[in-house]
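Asker: Structure incoming, see below.
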Amino acid sequence: MDTNAPAPGAAPTTAVSPVPTPQEARRRVMVLFGGRSGEHAISCATAGAVLRAIDRERWDVVPVGITTQGQWVLAVDDPDRWAITDGTLPFVPGSDGDVVLPMASGERTLQVIEPGQVPSAIGDVDVVLPLLHGPFGEDGTLQGLLEMSDVRYVGAGVLASAVGMDKDFMKIVLAGRGLPVAPWTVILPGRWERDEAGCRAEIEKLGLPVFVKPARAGSSLGITRVADLADLPAAIEEARRHDPKVIVEQGVVGREIECAVLGGRAGERARASLPGEIVVHGDKHAFYDFEAKYLDESSVELTCPADLSPELVERVRELAVRTFEAVGCEGLARVDVFVTADGDVIVNEINTMPGFTPFSMYPRMWERTGLPYADLIDELIELALERPTGLR
């Protein structure tokens, strides 16, 4: 650990900027959500929570939704509209008007284009808060679009987003930096059909159980725990419903611990929260799957801070910050690890745009570390406004 940097477990020490006076213009924040991935509804729920909590005295908010077909539209500024209610998942409806980003460097004006109408400007945008999960939002594609226009945005850049989204390359990068990851193999598109025997041989070397996952999906979509090799074909097919690239990971016996990371101000080292723990109760869920996360909260216990020794807490925090640094992350990330009975700490994954409802682990961990939800939103926006556009 760099002894000159803030301790990874320390609460943020940078003061939040004061509320602007009436004479000062509020910065305009585009809250962007929805998207084309299978995590569309989760993104909507995250946006609803942020719209409810964001400080309207500090920020002028413009909600923009992306439909499942990729259309950008002005969205309703109503937090309740985007909540998951009684198991019903929200979605962004289409519109006659398309929201268009500025395409020229230095231009910040949003426009709405409707058929047969003159484009109408809806004001300048100072920063984008992209609350999109999964491909076409969290994987570097959106970040590249914003970079091309020199528009500031919250969160990781192009490369870090892409690496964090692809579990295969994420593990390659982390292992290359000397960080502990569980053994894995990857099944590229078409390989199972060409060389099923070779795929099976590699998977058998991992030992059972294994977890079969889409390489580039989140929210536990398409994941199957396989304890019998006879179940492999069905598990691979399920993963392929979400991504043609499939990763198979060795099952790790250990506690599922998470840690929230927040970028440092003015070149300082990133900060890590107190870690939290996820415990799935009962036999209904073999692991922390999509239903357990979002539709069956009674089966899940989220504890923060996790019941770990002080020495383990610091190791988790330090490993979380090192993981954040290894992929070149910015803004925020949640790092998930396993803590084994022998005290080993193994990185499971980094999530560069974690769930962000008040009940999600990322803001809950910061709340317990001393940074309330609304202040966390402020800090993330300030971090984005602070950093330069272009290469950095």
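Asker: With V100, V73, V61 as the choices, which residue is modelled with pLDDT of 95 or more, surrounded by fewer than 19 Cβ atoms within 10 Å (Cβ to Cβ) and either out of contact with any Cys (no Cβ under 7 Å at 6 or more places or on another chain) or outside the structural domain of A239 (by TED's automatic domain parsing) (or both)?
Answerer: V61
Asker: Among the residues that make up segment 208-230, is at least one of them outside the structural domain of K167 (by TED's automatic domain parsing), within 23 Å of F324 (Cα to Cα), out of contact with any Ser or Thr (no Cβ under 7 Å at 6 or more places or on another chain) and outside any loop (DSSP other than H, G, I, E, B)?
Answerer: So far as segment 208-230 goes, yes, one or more of its residues are outside the structural domain of K167 (by TED's automatic domain parsing), within 23 Å of F324 (Cα to Cα), out of contact with any Ser or Thr (no Cβ under 7 Å at 6 or more places or on another chain) and outside any loop (DSSP other than H, G, I, E, B).
Asker: Another one. Using the structure shown, decide if I257 is modelled with pLDDT of 95 or more, more than 25 Å from T357 (Cβ to Cβ) and buried (at least 17 other Cβ atoms within 10 Å of the Cβ).
Answerer: On the way: modelled with pLDDT of 95 or more: yes; more than 25 Å from T357 (Cβ to Cβ): no; buried (at least 17 other Cβ atoms within 10 Å of the Cβ): yes.
No, not satisfied.
Asker: Taking the conditions exactly as written (under 23 Å from I223 (Cβ atoms) and either touching a residue at least 12 places away in the same chain (Cβ under 8 Å) or not assigned by TED's automatic domain parsing to the domain that holds E277 (or both)), does T369 satisfy them or not?
Answerer: No; evaluated as a whole, the condition is false for this residue.
Asker: Moving to a separate point now. Inside segment 108-143, can you point out the residues that are part of a strand (DSSP E or B) and modelled with pLDDT of 95 or more?
Answerer: First, the residues of segment 108-143 that are part of a strand (DSSP E or B): 109-113, 120-124, 127-130.
Matches in segment 108-143: V127, V128, L129, P130.
Asker: Select from segment 172-201 the residues that are touching a residue at least 24 places away in the same chain (Cβ under 8 Å), surrounded by 14 or more Cβ atoms within 10 Å (Cβ to Cβ) and under 12 Å from I247 (Cβ atoms) and list them in ascending order.
Answerer: Once the filter is applied, which keeps residues that are touching a residue at least 24 places away in the same chain (Cβ under 8 Å), surrounded by 14 or more Cβ atoms within 10 Å (Cβ to Cβ) and under 12 Å from I247 (Cβ atoms), segment 172-201 yields V181, A182, P183, W184, T185, V186, I187.
Asker: Still on this structure, please answer the following. Across segment 375-392, which residue is surrounded by the fewest Cβ atoms within 10 Å (Cβ to Cβ) among those that are more than 18 Å from the chain's Cα centre (by Cα) and of a type in the set (A, V, I, L, M, F, W, C)? Give the derivation first.
Answerer: The first filter runs over segment 375-392 and keeps only residues more than 18 Å from the chain's Cα centre (by Cα), leaving 375, 382, 385-392.
From what is left, the residues that are of a type in the set (A, V, I, L, M, F, W, C) are 385, 391.
Working: L385: 14, L391: 6.
Restricting to residues being more than 18 Å from the chain's Cα centre (by Cα) and of a type in the set (A, V, I, L, M, F, W, C), the top hit is L391.
Asker: Which one of these does M30 not meet: (1) surrounded by 17 or more Cβ atoms within 10 Å (Cβ to Cβ); (2) in contact with a helix residue (DSSP H, G or I) (Cβ under 7 Å, 6 or more places away or on another chain); (3) at pLDDT 95 or above?
Answerer: Answer for M30: the failing condition is (2).
Asker: To continue, here is another question. Within segment 114-135, track down each residue that is surrounded by fewer than 17 Cβ atoms within 10 Å (Cβ to Cβ) and either within 15 Å of R387 (Cβ to Cβ) or touching a Lys or Arg at 6+ places or on another chain (Cβ under 9 Å) (or both).
Answerer: Once the filter is applied, which keeps residues that are surrounded by fewer than 17 Cβ atoms within 10 Å (Cβ to Cβ) and either within 15 Å of R387 (Cβ to Cβ) or touching a Lys or Arg at 6+ places or on another chain (Cβ under 9 Å) (or both), segment 114-135 yields G123, D124.
Asker: Could I ask something else about it? So if I check each of D289, D307, D283, D342, which one is at pLDDT below 90, surrounded by fewer than 19 Cβ atoms within 10 Å (Cβ to Cβ) and of a type outside the set (S, T, N, Q)?
Answerer: Numbers: D289 fails: surrounded by fewer than 19 Cβ atoms within 10 Å (Cβ to Cβ); D307 fails: at pLDDT below 90; D342 fails: at pLDDT below 90.
Unique residue meeting the criteria: D283.
Asker: Same structure, new question: Scan segment 372-392 for residues that are in a loop (DSSP other than H, G, I, E, B), in contact (Cβ under 8 Å) with a residue 40 or more places away in the chain and touching a helix residue (DSSP H, G or I) at 6+ places or on another chain (Cβ under 9 Å) and report the count.
Answerer: 2
For every residue, the table says whether it meets (1) closer than 26 Å to A260 by Cα; (2) among the aromatic types (F, W, Y); (3) at pLDDT below 95.
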residue	(1), (2), (3)
A11	yes, no, yes
T21	no, no, yes
S37	yes, no, yes
C44	yes, no, no
V50	yes, no, no
I66	no, no, no
D78	no, no, no
R81	no, no, no
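The values are calculated or read from the model by the stated rules, or taken from the named source; none is laboratory data. Bear in mind the structure is a predicted one, so any value in this text is a computation, not a measurement. All Cβ positions, glycine included, derive from the backbone under ideal geometry; neighbour counts span all protein chains shown.
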